[in-house]
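In what follows, a structure is listed as structure tokens, so that the remarks can point back to it.
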Amino acid sequence: MNTHSRSDEVRARTRAMVLAAVRGLTLAVAMLPVSILCLVLTLLSIALVPIGVGLVTTPAVLAAVRAFADARRRLAADWCGVRIETAYRPLPEGANPWTRTFALLRDRQTWRDVLLLPVDMTAGFFTALLPGVLVFYAVEGFALALGLWRAYAESPGGTYWYAFLPVSGPFSALGAIPLACGFLFLGYRYGPRLLTAHFRLTRAVLTPSQEELAERVRVLTETRRDAVDASAAELRRIERDLHDGAQARLVAMGMDLGTVEVLIDKDPERARALLAQARQSSADALAELRDLVRGIHPPVLAERGLGDAVRALALRLPVPTEVSVDLAGRPEAPVESAAYFAVSEALSKAGKQAGAYGRPARDTENAGCYTKQRGHET
């Protein structure tokens, strides 16, 4: 039993060594040119801010730097279980290029992303390369002993230095075997740890301070509280609409039907009028229930997104309303629904304050409602 567990442990550590070598070599080779390119573009773009060109290029360049840092965070978590927190400040909505650029430059998390670039080009490069060097250099030592030394012996000089050992013939090539075993042992013992150390270095550069994390938690808490308040307000609206609308109509319809039972023999004409009135009340109650159900999650919100759903709300409001949409993408469904209901409640209160609901509804063309779209919406 102990023999099997020992062999399983050796296989697991060998696999971890090979994975660390391949992943470290991939990081060192693939990330180095990306780090150099991002650093050069960042410095050049920031230098061009005073003449106006950098106002346009800096947000795009810093977005690429953030994507590079996010990729390192994902790799750190997936490959070595190293979690790296973030504390980016939210960008102001609808900001002009000048405001957007300086909001990014005032964000300390952005500067940590930029700082990662030179660190990744120097210390990060070597810590990522070491696991691969230990394994593949050991493979080269075994290859020298198996005959690779001939290729070096036939070259000018005829001597190849393997670490500190000169290899010029078959006997000196055999001396590379102990060295290769030593490198392989170091890779077996420390290769995965070296890759973990590489990502811990990345974490040391990118991790925000405790104050920034606390501020981020506070912002998220406020956002969550606003969403909960919007949902609670929507529930109150549904209860109010049920009580004041459909429920009242159904009660009135029940009273009319009770009166019909009394009058059906004494006054048939009056009974028929009450039946017609009850039928109309049932139709009105059904229409109000349909509108209420649509209000819970309107089809236009599910089918066409938040922008068109808010426009639909504005078109139904009997006061002049302007809608400006500036969305970089479609939010997640819970966020989208909370934002829709928050806007719906705000428009409803605005209409009541304006006294619009006490006046007859006007035609849409005369409501003075118009919409304007700005930016990119999907």
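Only the coordinates and a few stated rules stand behind these numbers; no lab work does. Keep in mind that this is a model prediction, so the values were computed, not measured. All Cβ positions, even for glycine, are placed from backbone atoms using ideal geometry, and neighbour counts span all protein chains on display.
Tabulated data
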{"read-out": "Space enclosed by the convex hull of the alpha-carbon atoms of region 42-150, per residue, Å³", "value": "137"}
{"read-out": "Shape category assigned to region 86-143 from the gyration tensor of Cα positions, a/c cut at 1.5", "value": "prolate"}
{"read-out": "Peptide ranges 183-190, 132-139 listed from the most packed, as the mean C-beta count within 10 angstrom indicates", "value": "132-139, 183-190"}
{"read-out": "Convex hull projection area averaged over all views, region 33-79, Cα basis, nm²", "value": "3.2"}
{"read-out": "Sorted peptide list for 194-203, 165-174, criterion being average Cβ within 10 angstrom, highest first", "value": "194-203, 165-174"}
{"read-out": "Surface/4 of the Cα convex hull for region 1-58, nm²", "value": "5.4"}
{"read-out": "For region 114-156: rounded, prolate or oblate by the Cα gyration tensor [a/c cutoff 1.5]", "value": "oblate"}
